[in-house]
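Colleague: Here's a structure for you.
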Amino acid sequence: MNIHEFQAKDILRRVGVPVPPGRVAKTPDEAAAIARDFGGTVVVKAQVHAGGRGKAGGVKLAKTPEEAKSIAAKILGMQIKGLTVYQVLVTPAADIASEAYVGIIVDRAAKRPVFMVSRAGGIDIEEVAASTPEKILKLPVDTRYGLLPFEATQLGFFLFDDVKRVRSAGKIMQQLYTAFMQSGCSLAEINPLVTTPAGEIVALDAKMVIDDNELERHPELEALRDPTAEAPSEVHARSANLTFIKLEGNVGCCVNGAGLAMATMDLVKYYGGEPANFLDIGGSSNPEKVVSALRIITSDPNVKAILFNIFGGITRTDDVANGIVTATKQNPLKVPIVIRLTGTNEEIAVRILKENGFSTMTDMDEAVQRAVELAKGGGKAA
Amino acid sequence: MSIFIDSGTTLVIQGITGRDGSFHAKQMLEYGTCVVAGVTPGKGGQRFENKVPIFDTVARAVKETGANTSVIYVPPMFAADAMMEAADAGIQLIVAITEGVPVLDMTKVYPFVRERGARLIGPNCPGLITPGRSKVGIIPGRICTPGNIGVVSRSGTLTYEVVYQLTRAGLGQSTCVGIGGDPINGTNFIDCLVAFEADRDTAAVAMMGEIGGTDEQEAATFVKKHMKKPVVGFIAGQTAPPGRRMGHAGAIISGSSGTAGEKVAAFEQAGMGVARRPKDFVDLLRARIA
């Protein structure tokens with residue numbers, strides 16, 4: 001789960017990281033009022049779940065409240081990487097002497113969280129990593145012991161020469177690590193970590209990604225989810241316990257299991273079609289899940305044919321059949337449907353579907369070819 | 001022979017009285033797996049289906065029954081502890097089926113299990129099956145048949161699909177292993193390839209990967225350098241849009257690393273057969289073991 005910059009900063013502030021003050025505005029007038037309260041020059045920053053906000057024109061300086069208002073009016077409603085900006089963070093502009101990068105990410109190769117720090121902050125860290133890897137220090141942390149004091153100091157010395165700053169930075173590393181573990185993050189980043197001309201070290205921007213699997217343990221983090229920052233169909237799917245990602249094609253896919261779902265989409269493409277979505281109904285299915293899945297697929301006007309590909313293991317194919325029957329009784333289908341199912345309780349599923357006027361297929365390739373043909377307007381429903 | 005499990009596998013089921021645990025315990029018993037114990041804290045002394053003794057702890061189950069393998073069906077928030085409990089009790093092979101284990105939990109489990117010399121498979125995996133002899137996990141037994149193809153995969157239902165097609169085409173399997181799709185898992189492709197290369201009942205290997213990470217590329221390098229047996233590979237997610245999560249936590253593309261194209265190219269460079277569709281496994285494997 002992605003969270004916004006202002007939410008990540010709140011988390012960091014609570015563990016003691018020095019973060020500049022800031023407030024969120026949803027209208028230009030609110031932005032002007034916040035700028036007036038802070039006085040002086042402010043920065044107006046788009047709050048969206050996308051990188052490259054600055055390059056997209058979503059981060060701007062404003063010298064006066066009036067300017068903050070007009071800038072906020074431009075940024076609010078702006079599209080950044082396909083996401084609409086609904087709120088901006090207004091924060092006093094900081095004087096910057098130097099910028100560093102600090103990040104922690106769970107690294108699948110090291111099988112640990114890895115700290116990455118660099119003096120070359122504020123710019124694209126991937127670029128630094130690719131062209132000058134020696135400018136980045138990577139330090140894997142054994143989570144059974146946590147970030148040890150000498151490790152924090154080591155990180156600090158990579159960023160600063162002055163021992164006082166090294167100690168301040170080391171403290172920030174410990175605090176960032178605490179926030180990372182407490183919030184169940186898969187990524188936490190301060191970029192840039194700036195030094196002001198007065199020698200203070202401040203987290204000017206922050207990004208955090210929370211492991212979805214931690215939400216059960218941290219229900220308070222679920223409250224940070226911003227449904228307006230995601231596509232409505234994806235929000236809908238999540239509330240029905242489905243994984244759904246909208247794509248541009250016209251073959252609506254409903255599959256059990258992520259690997260088989262991806263392989264099904266690939267096969268649609270192989271036979272000359274385009275998948276309209278990725279949809280995984282998961283392992284232990286029930287008929288209601290299938291009803292929700294069909295509702296989500298049919299709400300996409302691009303969908304010209306629907307393809308079910310179910311390999312019953314834990315998933316009972318008769319549950320899926322009952323779901324299809326219930327859903328189509330509530331809302332008769334306007335597009336053809338191809339149903340391929342095999343595995344657990346297949347005979348019952350086939351009988352249920354047959355009694356309700358649906359035919360089924362057992363071969364995956366034949367079913368995909370059929371669906372692609374139907375989406376192109378050829379043949380009649382299987 | 002086979003890899004990891006065979007007729008000598010003696011199994012303890014952690015979470016045997018739960019919804020998933022009890023369902024799959026029955027399936028494993030029906031398949032003929034040697035299930036010697038179950039563990040549910042507080043239910044020690046009872047019996048599952050009037051047959052399998054239940055213990056409060058894994059340590060007790062191992063002491064009383066000599067179980068050498070464990071399979072875990074406990075809920076995600078308790079799964080990490082269950083894996084460490086099994087390793088600490090001296091279990092040599094731990095198979096974690098549970099989906100949704102927090103990745104930070106796994107950063108503690110991985111070194112803990114390793115230091116105790118145990119092998120962990122999963123989490124978030126379908127387990128493994130040596131057809132006709134032993135099944136540990138949830139792979140449907142009836143889609144498998146004994147034979148000489150080793151199967152290793154990051155996916156669940158995609159594995160079933162391929163195994164089903166192999167079985168229908170008369171290509172039986174030595175062992176099928178689902179290693180799981182999470183970012184941190186106990187056993188990777190290379191671990192399985194090493195075992196298949198050494199297994200005299202395996203003639204060729206079918207390997208199913210996914211987008212995200214670099215495990216498949218590393219496996220391809222291993223195949224090129226160390227394997228005499230033919231390997232045929234498949235990558236799911238050719239049509240996945242970049243940078244978007246597809247349900248498996250591991251299926252994240254970061255930068256150019258981990259794309260389907262990159263992985264397929266690595267397979268080709270290693271001289272592996274590349275299945276473009278799941279059904280292509282049949283002809284590619286047949287040609288290589290003829």
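None of the figures in this text is laboratory data; all of them are computed from the coordinates on show. Keep in mind it's a predicted model, so treat the numbers as computed, not measured. Heads up, the Cβs are rebuilt from the backbone with ideal geometry, glycines too, and the neighbour counts pull from every protein chain shown.
Colleague: How big is the gap, in Å, between the Cα center of the stretch A:165-185 and the Cα center of the stretch B:185-244?
Modeller: So the two Cα centres are separated by 37 Å.
Colleague: To continue, here is another question. May I ask you to evaluate 6.51 cos²θ - 1.76 cosθ + 1.60, the Karplus curve with θ = phi - 60°, for each residue of the stretch B:183-188 and list the ³J(HN,Hα) values in order in whole Hz, giving x for glycine and proline?
Modeller: So the J values, rounded to whole Hz, are x, 10, 10, x, 10, 10.
Colleague: In percent, what relative contact order does the stretch A:98-222 have, based on Cα pairs under 8 Å that are 6 or more apart in sequence?
Modeller: Answer for the stretch A:98-222 is 26 percent.
Colleague: How high is the relative contact order of chain A, in percent, with contacts defined as C-alpha pairs under 8 Å that are six or more residues apart?
Modeller: Rounded, it is 12 percent for chain A.
Colleague: Would you mind checking which residues have amide H under 5 Å from residue B:236's amide H? H placed 1.01 Å from N; only 5 or more apart, or other chain.
Modeller: Here the answer is B:209, B:210, B:211, since their amide H atoms fall under 5 Å of that of residue B:236.
Colleague: Can you compute the charge dipole magnitude of chain B about its Cα centre, using +1 on each Lys and Arg Cβ and -1 on each Asp and Glu Cβ, nothing else charged? Give it in debye, rounded to the nearest 20.
Modeller: Value, rounded to 20: 520 debye.
Colleague: Check residue A:305: other-chain or 5+ apart residues with amide H under 5 Å from its amide H, H built from backbone geometry?
Modeller: Here A:252 satisfy the definition.
Colleague: A further question follows. Kindly state, as a whole number, the per residue volume in cubic angstrom of the convex hull around the alpha carbon atoms of the protein assembly as shown.
Modeller: 163
Colleague: Which residues' amide hydrogens lie under 5 Å from the amide hydrogen of residue A:185, considering only partners 5 or more residues apart or on another chain, with H built in the peptide plane?
Modeller: Amide H to amide H, under 5 Å and 5 or more residues apart or across chains, residue A:185 pairs with A:211.
Colleague: Convert each backbone phi in the stretch A:130-141 into a coupling constant with the Karplus relation 6.51 cos²θ - 1.76 cosθ + 1.60 (shift: θ = phi - 60°), then list the ³J(HN,Hα) values in order as whole Hz, x for Gly and Pro.
Modeller: Per-residue couplings from phi come out as 6, 8, 9, x, 5, 7, 10, 9, 10, 9, x, 10 Hz.
Colleague: Ratio of the stretch A:232-375's C-alpha Rg to 2.2 N^0.38 Å, to two decimals?
Modeller: So the stretch A:232-375 has a normalised radius of gyration of 0.91.
Colleague: Continuing with the same structure: Quick one: dipole size for the stretch A:21-92, taken about the Cα centre, charges +1 on Lys/Arg Cβ and -1 on Asp/Glu Cβ, in debye to the nearest 20.
Modeller: Using Cβ point charges on Lys, Arg, Asp and Glu, the stretch A:21-92 gives about 280 debye.
Colleague: Apply 1/(1 + (r/R0)^6) to the Cβ-Cβ distance of residue B:224 and residue A:238, taking R0 = 56 Å, and write down the FRET efficiency to the nearest 0.05.
Modeller: 0.85
Colleague: In nm, what is the difference between 0.36 nm times the number of residues separating residue A:300 and residue A:222 and their Cα-Cα distance?
Modeller: 25.3 nm
Colleague: Any idea which of A:236, B:260, B:166 is furthest toward the positive side of the dipole for the protein assembly as shown, if Lys and Arg beta-carbons carry +1 and Asp and Glu beta-carbons -1?
Modeller: B:166
Colleague: Along the charge dipole of chain A, Cβ charges K/R +1 and D/E -1, which of A:268, A:41, A:369 sits furthest on the positive end?
Modeller: A:41
Colleague: Give me the dipole magnitude in Debye, nearest 20, for chain A about the Cα centre, with unit charges on the beta carbon: positive for Lys and Arg, negative for Asp and Glu.
Modeller: On the way: 43 positive and 45 negative charges, 96 e Å.
Roughly 460 debye for chain A.
Colleague: Can you pull the one-decimal nm distance between simple spin-label points at residue A:162 and residue B:10, each 7 Å off the Cα toward Cβ?
Modeller: 6.7
Colleague: Roughly how many nanometres apart are two label points built 7 Å out from the Cα toward the Cβ at residue B:168 and residue A:198?
Modeller: Spacing of the two 7 Å Cα→Cβ label points: 7.3 nm.
Colleague: Helix-only mean residue ellipticity at 222 nm, chain A, DSSP H runs n ≥ 4 weighted -39,500 (n - 2.57), per residue, nearest 500. What is it?
Modeller: Calculated from helices alone, the mean residue ellipticity at 222 nm is -11500 deg cm²/dmol.
Colleague: How are the alpha carbon pair distances in the stretch B:170-238 distributed across 10 Å bins from zero to the largest one, expressed in percent?
Modeller: It works out to 18, 56, 25, 1, in whole percents.
Colleague: To the nearest 500 deg cm²/dmol, what mean residue ellipticity at 222 nm is calculated for chain B from DSSP H runs of n ≥ 4 alone, each contributing -39,500 (n - 2.57), summed and divided by the residues?
Modeller: Helices in chain B give a 222 nm mean residue ellipticity of -10500 deg cm²/dmol.
Colleague: Fewest first, what order do B:88, B:215 take by the number of other Cβ atoms within 10 Å?
Modeller: B:88, B:215
Colleague: When the Karplus curve 6.51 cos²θ - 1.76 cosθ + 1.60 is applied with θ = phi - 60°, which whole-Hz ³J(HN,Hα) does each residue of the stretch A:334-339 get, with x for Gly and Pro?
Modeller: Once rounded to whole Hz, the list reads 9, 10, x, 10, 10, 10.
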